[in-house]
Amino acid sequence: MSDNLKRDAAEKAAALVSDGMRLGLGTGSTAAYFVAALGARVRGGLSVVGVPTSEATLDQARREGIPLTTLDETPELDLTVDGADEIDDDLRLIKGGGGALLREKIVASSSRRMIVIADGTKRVSRLGRFPLPIEVVPFGLRATQIAIEKLLETLEMSGEMHLRRMADGTPYITDGGHFILDAHLGRIDKPNVLASTLNNIPGVVEHGLFIGLATGAILATGQGLVELGQI
Ligand SMILES: O=C(CO)[C@H](O)[C@H](O)COP(=O)(O)O
């Protein structure tokens, strides 16, 4: 069921792409359906270029035959299509469940539009049930974690923070060579404040709060597609 919903949202987004567009290609299982649908359109004659947000998406896009570029060659994009772990009614997101938040945020920030595709279960009235991914440099990990804990305390938030690990117990390493701390906050009452203050902590590279980036969303529910914002 969920996979069909993801595919529905992704195919709707792929239908929005027009000739000549410069695209940001998201990461994750829903974005992978978008890349597959886009690949089919490219093989049918659509002319686009894409910037992948992860090594995984880069590999998939290559296999699909989607012409690729970089933000150095093409620093301004028309549209990014990406998944999300949570989305609220103000189009604020938690992303990074798949670990690609840094490149995803750089690419989304370079795009005129960002459309989120997800199944409807990702829609929440308040962000925070999904653990917030915080990407940190390995150097000084413990000190950075303590600084984050202190910040959370001043914001009257609390929750366990876990270093993300692989199945074999070794730390998960992002495409940028960093670690991820997953902050289990339960609820984030002031995402905008948390987002801006987290970025002030030395050692924090980026976090999964995406605020003011998504311009629209296509959410697939059992009752059909629900659109938020501008599509
Ligand atoms: O942010 C992400 C990767 O960093 C993904 O977009 C997010 O985790 C959603 O993934 P999925 O579509 O597999 O549920």
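Set side by side, the residues G65, G26, G83 differ, and just one is assigned by TED's automatic domain parsing to the domain that holds A217 and more than 19 Å from M114 (Cβ to Cβ), which is G65. Selection within region 188-203: residues that are within 19 Å of the chain's Cα centre (by Cα) and not aliphatic (A, V, I, L, M). The member of this set that is nearest to M166 (Cα to Cα) is N199.
Are any of the residues in region 26-48 closer than 15 Å to L213 by Cα and under 18 Å from the mean Cα position of the chain (by Cα)? Yes, because at least one residue in region 26-48 is closer than 15 Å to L213 by Cα and under 18 Å from the mean Cα position of the chain (by Cα). Filtering region 122-146 to residues that are within 16 Å of the ligand (Cβ to nearest atom), among the basic types (K, R) and part of a loop (DSSP other than H, G, I, E, B) leaves only R129.
Can you name the residue in region 191-231 that is small (G, A, S) and in contact with a helix residue (DSSP H, G or I) (Cβ under 8 Å, 6 or more places away or on another chain) and is also nearest to V81 (Cα to Cα) among such residues? Looking at the filtered set, the residue picked out is A214.
Listed by first and then second residue, the pairs with beta-carbon distance under 8 Å, at least 6 apart or on different chains, first residue in region 28-50 and part of a loop (DSSP other than H, G, I, E, B), second within 14 Å of the ligand (Cβ to nearest atom) and of a type outside the set (G, A, S), are G28/D82.
Taken together, V48, V81, V35 contain a single residue that is β-branched (V, I, T) and either in contact with a Phe, Trp or Tyr (Cβ under 6 Å, 6 or more places away or on another chain) or open to solvent by 20 Å² or more (accessible area, probe 1.4 Å) (or both), which is V81.
Restricting region 8-27 to residues that are open to solvent by 50 Å² or more (accessible area, probe 1.4 Å) and touching a residue at least 60 places away in the same chain (Cβ under 8 Å), the residue that is farthest from the ligand (Cβ to nearest atom) is L16.
Here is a yes/no grid of residues against (1) at pLDDT 95 or above; (2) away from the ligand (no atom under 12 Å from the Cβ); (3) open to solvent by 40 Å² or more (accessible area, probe 1.4 Å); (4) of a type in the set (D, E):
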position	(1), (2), (3), (4)
T57	yes, no, no, no
G65	yes, yes, yes, no
L77	yes, yes, no, no
E86	yes, no, no, yes
L91	yes, yes, no, no
L101	yes, no, no, no
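Regarding T197, is this residue open to solvent by less than 50 Å² (accessible area, probe 1.4 Å) and in a helix (DSSP H, G or I)? Here the answer is yes, as T197 does meet what is asked.
The values are calculated or read from the model by the stated rules, or taken from the named source; none is laboratory data. Just so it is clear, the model here is predicted, and its values are computed rather than measured. Glycine gets a Cβ as well: all are built from the backbone with ideal geometry, and neighbour counts include every protein chain shown. Ligands, DNA and RNA are stripped out before the accessible areas are found, and what is left, the full protein with its side chains, is counted by its heavy atoms. Shrake-Rupley method; radii C 1.70, N 1.55, O 1.52, S 1.80 Å.
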